[in-house]
Amino acid sequence: MANSKSKKVTPLMAQYNKIKAKYPEALLLYRVGDFYETFGEDAVKAAQVLGITLTSRNNGGSDVELAGFPYHSVDTYLPRLVRAGYRVAICEQLEKPSKEKKIVRRGVTEIVTPGLAVDDQLLEYKSNNFLACVAFGRGKKDACGLSLLDLSTGEFLVAEGAVDYIDKLLQSFQPKEVLLSKDKRQEFERVFGDRFYLTTQDEWVFTTDYTDEKLLKQFKAASLKGFGVEELRVARIAAGVALHYLETTENRNLKHITRISRLANDRYVWLDRFTIRNLELLYSPHDHGVSLIDILDRTVTPMGGRLLRKWVVLPLKDKAQIEARHEAVRTFVDSAPLLQDLHASLQQIGDVERLISKVPLGKVNPREIRALSDALCAMGPIRARLMDSPSNTLRQLAEQLDPLPDVCSEIGRRIRDEPAVNLAKGGVIADGFDAELDELRDITKNSKNRLAAIQQREVERTGISSLKIGFNNVFGYYLEVTNKYKQQVPPGWTRKQTLTSAERYITEELKLLEDKILNAEDKILQREEQLYEDLVLWLQDYIAPVQRNAGLLARIDCLLGFAKVANRQRYTEPEMDESQDIDIVQGRHPVIEQQLEVGEQYVPNDVQLDPDGQQIIMITGPNMAGKSALLRQTALICLLAQMGSFVPAERARIGIVDRVFTRVGASDNISSGESTFMVEMNETASIMNNITDRSLILLDEIGRGTSTFDGISIAWAIAEYLHNNGRARPKTLFATHYHELNELAESLPRIHNYSIAIKEHGNRIIFLRKLIAGGSQHSFGIHVARMAGMPTSIVARAGDILTQLEAQHITEQGDPAELAAANDLPLTAPATRPAATASLSTDALQLSIFETVDPTAGRLRELLDMVNINSMTPIECMMKLQELKLVIEETPS
Ligand SMILES: Nc1ncnc2c1ncn2[C@@H]1O[C@H](COP(=O)(O)OP(=O)(O)OP(=O)(O)O)[C@@H](O)[C@H]1O
């Protein structure tokens with residue numbers, strides 16, 4: 001820190017210390033002349049992050065660290081500091097330096113944090129930059145409130161609900177910064193994890209009275225009734241805290257925050273947080289992985305791109321709304337010229353939503369204002385074209401578009417066609433708009449002509465033919481009259497200088513012109529600034545209509561994007577109905593089908609689900625057969641349909657789905673122990689408690705994270721519960737390695753067995769990727785090992801061991817399938833039921849193995865001792881066998 005205790009602190013450092021004390025948590029960029037300086041610890045951090053030189057400055061006897069950069073580099077350096085996670089306070093000089101004042105007045109004009117970014121360098125153009133606030137309810141049962149505010153667009157959303165709902169929204173909207181009460185940090189991290197950039201606020205801010213006052217003031221309203229947020233007490237607190245935070249970070253002109261909207265939980269399909277992650281809707285966890293949005297986003301405008309991200313995580317449940325989107329997409333698909341025209345027009349639009357937000361923030365530059373008017377001008381043709389289209393949806397959208405001709409023409413009248421980006425450089429305001437400015441410009445351009453004109457006129461008027469206009473530094477412009485014509489000087493001229501052969505005069509007119517010429521440049525800049533400010537102020541009245549246009553264009557853009565994807569990827573229009581069936585004919589996985597190697601073809605599959613007949617599909621098949629792909633494509637097709645998109649299928653009839661749950665079994669519990677398994681079971685239990693008739697559940701290798709027999713038992717119990725649960729019959733796709741689960745179909749009529757076909761070809765397995773009726777009866781690991789060329793003696797022996805292990809286990813504990821069926825396992829069984837013994841007694845078996853495969857017995861025994869067969873997947877078994885085989889091959893006989 002700058003040393004405030006030092007005896008003789010320089011005036012500059014004294015001022016710095018005072019300002020810094022007000023913003024202790026921020027890294028302070030302190031303007032000194034043409035530089036932004038940082039001092040003390042801030043300087044150390046800035047030097048490290050920015051790679052700038054760290055020096056020191058004498059501060060009245062003691063040294064303080066110093067690092068700075070030129071003011072014009074702020075656009076380069078500021079984003080780097082913010083991205084590195086710093087809050088940055090920018091302290092400007094608030095007055096021009098003058099000789100009389102020892103030190104100029106300075107103050108913080110802006111605080112930039114990840115959630116408060118508005119500069120293009122800090123924003124991703126197709127993503128919102130949300131600042132979130134989470135307010136916890138009073139008790140455990142009380143709801144949690146969330147607000148999401150994008151300062152760069154003015155979008156302001158609130159939601160209230162159970163913790164898992166808020167968690168899901170945080171995951172979907174990925175806020176860049178989250179505000180919370182000082183005393184709730186631990187609770188927040190426990191519930192929502194530690195991956196957010198947190199900023200705490202004083203506890204007193206989180207009170208209804210204070211926050212409601214903030215909201216009412218922002219929206220200039222007497223009540224919040226009109227916004228549909230009256231009932232959401234905790235969400236309103238979260239919203240008010242966000243406004244409070246903006247105020248304390250010097251963001252005071254928030255005219256672009258014109259509305260607050262409720263994210264109505266009941267309007268959208270409920271996706272549990274695993275589903276968003278698991279279906280890779282927005283992100284893929286793999287390196288260079290592709291997510292659904294990557295495939296789906298063919299939008300042209302940044303607003304469209306941002307809206308699509310919301311559509312993807314908030315699929316609709318209302319049939320009419322979904323069909324309205326389909327109808328618009330169909331219209332574009334059916335008319336290539338309409339699609340192309342709209343695409344071309346939208347390309348001229350740019351980011352009007354963010355442009356108009358810069359108006360109240362005082363950040364809009366002249367070129368952006370011009371871009372705004374270009375965008376408005378482009379809206380006319382879009383409106384006209386869509387009004388002519390056969391689509392009701394598109395006509396309704398077009399009708400609401402308002403190209404604001406006044407704004408468009410006013411900007412055209414006031415701003416030059418290609419204005420300078422930087423207002424301070426001039427050349428912004430159009431010629432002919434302002435007489436004063438025109439005159440000033442004229443003066444600088446034509447000053448010589450004007451002087452010559454005066455000279456000419458005066459020669460004619462006075463008859464002094466030798467009259468000349470000259471200039472000197474003492475009294476500026478003058479009229480010089482030779483002695484010969486002295487008598488003809490008119491009365492209004494003032495003599496200023498007498499020379500031997502001539503006299504010099506000034507006139508009122510000449511002085512005025514001189515003044516104008518000398519100050520013209522300065523005055524031009526001032527006048528341009530003034531006129532520009534007037535325009536920006538005038539534009540503030542049009543923020544809401546421009547935002548409305550931006551919203552409409554975003555929707556048109558998304559629908560157009562869906563049509564482009566449908567054309568390119570051969571998607572078809574799904575039929576939506578109120579039934580509870582899902583009937584997909586020749587469906588495909590939208591992402592995987594795009595990623596296959598050249599020459600590979602995605603194999604489409606039919607999937608039918610209905611709660612009265614085929615409620616649960618049990619799919620068996622070896623690793624890599626395509627089970628997970630089938631599960632996910634089914635959910636993705638339903639979700640795509642409900643987002644309003646066409647779907648990758650030959651035909652699809654979808655009874656509206658209201659919830660999608662996904663669970664994927666933990667892949668390895670060897671390193672993470674039981675906890676992973678416990679988590680898996682807890683989460684599965686939460687699915688079981690929330691299912692409805694319209695739910696779609698994907699269970700992929702559930703129970704994999706424990707020993708084989710435990711896993712089978714648990715998967716069995718879950719399948720049984722989903723089938724027999726009286727409350728609801730959720731449609732379920734169940735992928736499993738455990739062929740034992742096929743037995744369930746014998747006693748439970750709505751469970752149907754399927755498998756994914758494979759074919760043996762010599763030593764190779766060919767994956768046919770076809771879903772066929774009937775479960776598979778193979779023990780895949782050993783089966784695959786045989787096809788991989790394992791010596792027959794080992795394969796045969798492995799088969800024997802498996803049979804013996806299963807037989808032994810059945811005598812010790814009973815057949816897991818029978819056990820499960822007999823015990824009528826309750827829901828809570830996974831967590832509370834005593835785990836079946838994981839270690840099997842294999843001593844006897846091992847002895848006999850080693851008797852037969854000597855002389856490599858020692859090494860093989862060693863390797864086998866380390867194996868826990870109960871926790872291995874078939875493919876791991878196969879690899880282990882391969883390893884054993886190598887031992888045999890490498891040992892000299
Ligand atoms: N219908 C299909 N057509 C073409 N390729 C497919 C198809 N289904 C899956 N694949 C390919 O097979 C790979 C494996 O599929 P998937 O992960 O679904 O197998 P799995 O049976 O779930 O295996 P595991 O049990 O190991 O998870 C996919 O990454 C994809 O490349």
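The values are calculated or read from the model by the stated rules, or taken from the named source; none is laboratory data. Because the structure is predicted, anything quoted here is derived from the model rather than measured. Here the Cβ positions follow ideal geometry from the backbone for every residue, glycine too, while neighbour counts run over all protein chains shown.
For the reader, a short list of remarks on this structure follows.
- Flag if residue 219 is at pLDDT 90 or above, surrounded by 19 or more Cβ atoms within 10 Å (Cβ to Cβ) and aromatic (Phe, Trp, Tyr): no
- Residue list for segment 541-598, restricted to those being buried (at least 19 other Cβ atoms within 10 Å of the Cβ), away from the ligand (no atom under 16 Å from the Cβ) and part of a loop (DSSP other than H, G, I, E, B): 571, 574, 580
- Residue check, residue 661 crowded, with 22+ Cβ neighbours inside 10 Å, at pLDDT below 85 and more than 16 Å from the ligand (Cβ to nearest atom): no
- Condition met for residue 24 (without any contact (Cβ under 8 Å) to a residue 40 or more places away in the chain and closer than 25 Å to residue 251 by Cβ): yes
- Among the residues of segment 751-766, those identified as buried (at least 19 other Cβ atoms within 10 Å of the Cβ) and away from the ligand (no atom under 16 Å from the Cβ) are 751, 752.
- Here residue 97 meets each of (1) assigned to a loop (DSSP other than H, G, I, E, B); (2) within 27 Å of residue 282 (Cβ to Cβ) with one exception, condition (2).
- Residue check for residue 698: within 30 Å of residue 304 (Cβ to Cβ), modelled with pLDDT under 95 and either crowded, with 22+ Cβ neighbours inside 10 Å or of a type in the set (Val, Ile, Thr) (or both): yes
- Filtered residues of segment 193-205 (kept if within 27 Å of residue 273 (Cα to Cα) and among the aromatic types (Phe, Trp, Tyr)): 196, 197
- A count restricted to segment 403-430 and to residues that are surrounded by 15 or more Cβ atoms within 10 Å (Cβ to Cβ) and under 33 Å from the mean Cα position of the chain (by Cα) stands at 8.
- The residues in segment 53-97 that are hydrophobic (A, V, I, L, M, F, W, C) and farther than 17 Å from residue 123 by Cβ can be counted, and the count is 9.
- Test: residue 609 is within 16 Å of the ligand (Cβ to nearest atom), hydrophobic (A, V, I, L, M, F, W, C) and crowded, with 21+ Cβ neighbours inside 10 Å: no
- Of all residues making up segment 772-797, the number that are outside any loop (DSSP other than H, G, I, E, B), of a type in the set (A, V, I, L, M, F, W, C) and either modelled with pLDDT under 80 or at positive phi (or both): 6
- Cβ-Cβ contacts under 9 Å between residues 6 or more apart (or on different chains), taken from a first residue in segment 533-549 that is among the hydroxyl-bearing types (Ser, Thr, Tyr) to a second residue that is surrounded by fewer than 16 Cβ atoms within 10 Å (Cβ to Cβ), are listed as 542/406.
- Helices (runs of 4 or more DSSP H) completely within segment 168-274 that count 1 or more residues being under 30 Å from residue 537 (Cα atoms) and not assigned by TED's automatic domain parsing to the domain that holds residue 319: 208-218, 233-248
- Qualifying residue in segment 716-731 (condition: away from the ligand (no atom under 16 Å from the Cβ), assigned to a strand (DSSP E or B), modelled with pLDDT of 85 or more and in contact with a strand residue (DSSP E or B) (Cβ under 8 Å, 6 or more places away or on another chain)): yes
- From the options 113, 200, 208, residue that is buried (at least 19 other Cβ atoms within 10 Å of the Cβ) and within 19 Å of residue 244 (Cβ to Cβ): 113
- Cross-chain or 6+ apart pairs with Cβ under 7 Å, segment 728-754 first and more than 20 Å from residue 661 (Cβ to Cβ) and polar (S, T, N, Q), then away from the ligand (no atom under 16 Å from the Cβ) and assigned to a loop (DSSP other than H, G, I, E, B): 753/774
- Selection from segment 358-407 of residues that are among the charged types (D, E, K, R) and under 25 Å from residue 340 (Cβ atoms): 374, 383, 385, 388, 395, 399, 402
- Within segment 276-305, the set of residues being of a type in the set (Gly, Ala, Ser) and either buried (at least 22 other Cβ atoms within 10 Å of the Cβ) or within 20 Å of residue 169 (Cα to Cα) (or both) comprises 284, 291, 304, 305.
- Restricting segment 272-303 to residues that are touching a Ser or Thr at 6+ places or on another chain (Cβ under 8 Å) and small (Gly, Ala, Ser), the residue that is modelled with the highest pLDDT: 291
- You will find that of 503, 514, 480, 521, the residue that is under 30 Å from residue 431 (Cα atoms), buried (at least 17 other Cβ atoms within 10 Å of the Cβ) and either in the same structural domain as residue 416 (by TED's automatic domain parsing) or among the acidic types (Asp, Glu) (or both) is 514 and no other.
- Segment 591-616 residues that are touching a residue at least 60 places away in the same chain (Cβ under 8 Å), paired with ones that are hydroxyl-bearing (Ser, Thr, Tyr) and away from the ligand (no atom under 11 Å from the Cβ) (beta carbon under 6 Å, 6 or more apart): 607/634; 616/732
- Total residues in segment 617-629 satisfying the condition of being within 24 Å of residue 316 (Cα to Cα) and either buried (at least 24 other Cβ atoms within 10 Å of the Cβ) or more than 13 Å from the ligand (Cβ to nearest atom) (or both): the figure is 0.
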